[in-house]
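Participant: Pasting a structure here, questions to come.
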Amino acid sequence: MKFAESPVLAPRFPLWRSRFVLALFAVGFAVLAGRAVYLQAFNDEFLQAKGESRYSRVIEIPANRGRILDRNGEALAVSTPVKSIWAIPDDVVMNAQQLGRLAELLEMPKDEIRKRLAGAERDFTYVKRQIPPATADAVAALKVPGLHQSREYRRYYPGGEVMAHVLGFTGAADVGQEGIELAYQAHLAGKPGSRRVIKDRLGHIVEDVGSIREAQEGKDVRLALDSRIQSLAYGQLRATVEQHRARGGGIVVLDASTGEILALANLPAYNPNNRAKLVGSQLRNRAVTDEFEPGSTLKPFTVALALDRGKVKPTTVIQTAPGSLTIGSATIRDAHPGGAMTVEQVIQKSSNVGSAKIALGLPPAEMWELFADVGFGTAPRLGFPGEANGKLRPFKTWKPVEQATMSYGHGIAVSLLQLARAYTIFARDGELAPLSLLRVDMPVAGRTVLSPATARDVRRMLEMAVQPGGTAPLAQIMGYRVAGKTGTAHKLEHGGYAPDKYVSSFVGFAPASQPRLVIAVMIDEPSAGKYYGGQVAAPLFAKVMEGSLRALGVPPDAPMKPVELPPAGAEVKESV
Amino acid sequence: MTRLSLLLLAALALCAVGLVTSQHQARKLFVELEREHARARALDVEWGQLQLELSTWGLHSRVERLAAARLGLRAPDARRTRIVEHPAP
């Protein structure tokens, strides 16, 4: 039977039925097309997001914190990635064997791990922070559920306590907290970036869609610091502080031609790699943040001013007998009355009466101006946290006796760094060098404060002060001409001077024929018997200066013969 | 007319296959590039660690201590130092 003749086809249906079915289909297609247009053109974000989430990933690009280098490129602070192991305690399922292996890898007792996982925090706890990546990989290989890792950076300081105060350290999240780390935070810090990529089924990145945020690696900082000189200075400072049972001390080494800080060390110090038991007194960068009354190290400034203004000549005779001078109700004394002295001898023997008499012949405004010009009373603004201004009162409030005592460094306070910098005017023919923490390659121009002739005159006087007959023969070095000045001051305590507590200091430079380095030394409360700057601070100066000149290869400017020391008992004691 | 159409169809098919192949090649190369990038980063990290190690072992105070303790060396004082003039080259 043919299909066309099938009896099923025989009945005739009304035409509207087939039309109706056709219309149904047409409506169905129209709805589908409408939906498709809606999803493709009007409400496309949702599906696109769903699609993208199946292949595209945003990945973090980590950025390293910059390194801190010394002037010769030696690394002083380096960040390196480490891993931290953390856990969601509720998810952790671990058998005894895994626990044993974990304890072994993390070098922790098993009980300690159990205690951490059973702690109060149910959804997050650190198991161990900052472990080497290799160990972390071994931990990951254990495949313990609930145990996770995160990447962190840890900063290491190979120099340890030697550089601690200059470098400072970083805290959590690699942010600078002290020293250079804080001062150059913006420069050192890296900015992590992120980018969008397409990953395949195996997790490989197969295509770079685009970067969302460019990662910025932290930049390196090259310091002026010379690590050889720094370790020498720190080592010798520590030996001196221990020998004299002092409470603390500081040393600053400057390059006279560039104003670079080649070394800066303080005691007490700390180890920046292990800051568990850190106290405030260790943290303080004394050479920069602490001010002290410098004592006789200020005498050369008064004398220089008097010379510059033509009030005295180096050979002018000043009567210091009978070794005391009464101004109003106060009396200034010399430890050893000297009689009639030339201006040169006032510096050489460090006579308080002599310098007071010279100061009283000068207008207070000019004295104030010189002190302000060499940087006393204003912070050096290096970017170190807590830089001391020092104390320099306005000259209008000075009484004559104060002007006299200020000439030998009492009633005025400076930081060791300010003092070292001020001495650059004598080391470089009257110019004050700008300070720099960063390496400077060319000699820099300073601000002229004194005439070159005056600076040279004072330089000669300072050279006399370290020769036999001066207050600091122990500051001499074989092969080099040295110039410098001692200071010994009573410490200020409760608004008065403590009778038996001293600050011993020495500031000097060498080679005197063409000064290359300025070194300032301060020893706080030496309490092993000796306290004169010439006995405590000068030998430290000599050791550091000798080693530094040798490290820098500075040619000697004096014959190689043993230094002359005065016979025992004949040392010149300075006035305190 | 039909022949031209067939020719074009064949060319189209070839192009399509070429596109797929080159895309695959590109992805493979990109995976390799990524791997090298990761290696560069790892080497960078290692370099930092080695630098750290260098600084730690080569610390001046450590070298001096070892030289004094193990080898019995010490820095000569100026009395034992002779400075020689370097002849002009």
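Participant: Restricting to segment A:131-189, name every residue that is part of a strand (DSSP E or B), surrounded by 20 or more Cβ atoms within 10 Å (Cβ to Cβ) and among the small types (Gly, Ala, Ser).
Facilitator: A:Gly176
Participant: Separate question: Of A:Thr405, A:Thr471, A:Thr454, which residue is open to solvent by less than 20 Å² (accessible area, probe 1.4 Å) and out of contact with any strand residue (DSSP E or B) (no Cβ under 6 Å at 6 or more places or on another chain)?
Facilitator: So the residue among A:Thr405, A:Thr471, A:Thr454 that is open to solvent by less than 20 Å² (accessible area, probe 1.4 Å) and out of contact with any strand residue (DSSP E or B) (no Cβ under 6 Å at 6 or more places or on another chain) is A:Thr454.
Participant: Could you check how many residues of segment B:38-59 are under 20 Å from A:Ala63 (Cβ atoms) and either touching a Ser or Thr at 6+ places or on another chain (Cβ under 7 Å) or among the β-branched types (Val, Ile, Thr) (or both)?
Facilitator: 4
Participant: Right, another one. If you check B:Ala11, B:Ala42, B:Ala38, which single one turns out to be at pLDDT 95 or above, part of a helix (DSSP H, G or I) and not basic (Lys, Arg)?
Facilitator: Answer to the check: B:Ala11.
Participant: Sticking with this one: Anything in segment A:299-321 that is part of a loop (DSSP other than H, G, I, E, B), in contact with a helix residue (DSSP H, G or I) (Cβ under 9 Å, 6 or more places away or on another chain) and open to solvent by 30 Å² or more (accessible area, probe 1.4 Å)? List them, or say none.
Facilitator: A:Arg309, A:Lys311, A:Lys313, A:Thr315, A:Thr316, A:Ala321
Participant: Does segment A:107-116 contain any residue that is away from chain B (no Cβ under 14 Å) and open to solvent by less than 20 Å² (accessible area, probe 1.4 Å)?
Facilitator: Looking through segment A:107-116, at least one residue is away from chain B (no Cβ under 14 Å) and open to solvent by less than 20 Å² (accessible area, probe 1.4 Å).
Participant: Any residue in segment B:37-58 that is among the β-branched types (Val, Ile, Thr) and more than 9 Å from chain A (Cβ to nearest Cβ)?
Facilitator: Scanning segment B:37-58 turns up no residue that is among the β-branched types (Val, Ile, Thr) and more than 9 Å from chain A (Cβ to nearest Cβ).
Participant: What strands (runs of 3 or more DSSP E) lie completely within segment A:192-286 and have 2 or more residues being surrounded by fewer than 17 Cβ atoms within 10 Å (Cβ to Cβ)? Give the derivation first.
Facilitator: Values: elements: A:193-199, A:205-213, A:248-255, A:261-267.
Once the strands (runs of 3 or more DSSP E) in segment A:192-286 are filtered for at least 2 residues that are surrounded by fewer than 17 Cβ atoms within 10 Å (Cβ to Cβ), what remains is A:193-199, A:205-213.
Participant: Every residue in segment A:483-502 that is under 17 Å from A:Leu419 (Cβ atoms), open to solvent by less than 10 Å² (accessible area, probe 1.4 Å) and hydrophobic (A, V, I, L, M, F, W, C), please.
Facilitator: Within segment A:483-502, A:Ala483, A:Ala489 qualify.
Participant: Need the failing condition index for A:Arg67 against (1) touching an Asp or Glu at 6+ places or on another chain (Cβ under 7 Å); (2) more than 14 Å from chain B (Cβ to nearest Cβ); (3) open to solvent by 30 Å² or more (accessible area, probe 1.4 Å); (4) not acidic (Asp, Glu), just the number.
Facilitator: (2)
Participant: Would you confirm, using the coordinates I've provided, whether B:Arg27 is at pLDDT 85 or above, more than 18 Å from A:Ser231 (Cβ to Cβ), within 32 Å of the chain's Cα centre (by Cα) and within 8 Å of chain A (Cβ to nearest Cβ)?
Facilitator: Yes; evaluated as a whole, the condition is true for this residue.
Participant: I would also like to ask the following. Only one of these conditions is not met by A:Ser211: (1) within 14 Å of chain B (Cβ to nearest Cβ); (2) in contact with a helix residue (DSSP H, G or I) (Cβ under 9 Å, 6 or more places away or on another chain). Which number is it?
Facilitator: (2)
Participant: So which residues in segment A:246-271 are under 18 Å from the mean Cα position of the chain (by Cα) and of a type in the set (S, T, N, Q)?
Facilitator: A:Asn266, A:Asn271
Participant: So how many residues does segment A:359-375 have that are in contact with a Phe, Trp or Tyr (Cβ under 9 Å, 6 or more places away or on another chain) and open to solvent by less than 30 Å² (accessible area, probe 1.4 Å)?
Facilitator: Qualifying residue count for the region: 5.
Participant: OK, next. Tell me, please, whether a residue that is modelled with pLDDT of 85 or more and in a helix (DSSP H, G or I) can be found in segment B:69-83.
Facilitator: yes
Participant: Still on this structure, I have one more. Could you tell me which of the residues A:Val92, A:Val82, A:Val58 is among the hydrophobic types (A, V, I, L, M, F, W, C) and within 12 Å of another protein chain (Cβ to nearest Cβ)?
Facilitator: Checking each option against the conditions leaves just A:Val82.
Participant: Let me ask something else about it. Need pairs with beta-carbon distance below 6 Å; first residue over 15 Å from A:Ala263 (Cα atoms) and open to solvent by less than 10 Å² (accessible area, probe 1.4 Å) and within segment A:411-430, second among the basic types (Lys, Arg) and in a helix (DSSP H, G or I); sequence gap 6+ or separate chains.
Facilitator: Matching pairs, first to second residue: A:Phe426/A:Arg459.
Participant: With respect to the numbered conditions (1) under 20 Å from A:Gly534 (Cβ atoms); (2) under 15 Å from the mean Cα position of the chain (by Cα); (3) of a type in the set (Asp, Glu), which one is the sole condition not fulfilled by A:Glu242?
Facilitator: (2)
Participant: Filter segment A:461-496 down to residues that are in contact (Cβ under 8 Å) with a residue 60 or more places away in the chain, assigned to a loop (DSSP other than H, G, I, E, B) and more than 17 Å from A:Ala520 (Cα to Cα), then give me how many there are.
Facilitator: Total meeting the criteria: 4.
The values are calculated or read from the model by the stated rules, or taken from the named source; none is laboratory data. In this text, all values refer to a predicted model and were calculated from it rather than measured experimentally. We place every Cβ from the backbone using ideal geometry, glycine too, and count neighbours over all the protein chains shown. These accessible areas exclude ligands, DNA and RNA; they are computed on the full protein's heavy atoms, side chains included. Shrake-Rupley method; radii C 1.70, N 1.55, O 1.52, S 1.80 Å.
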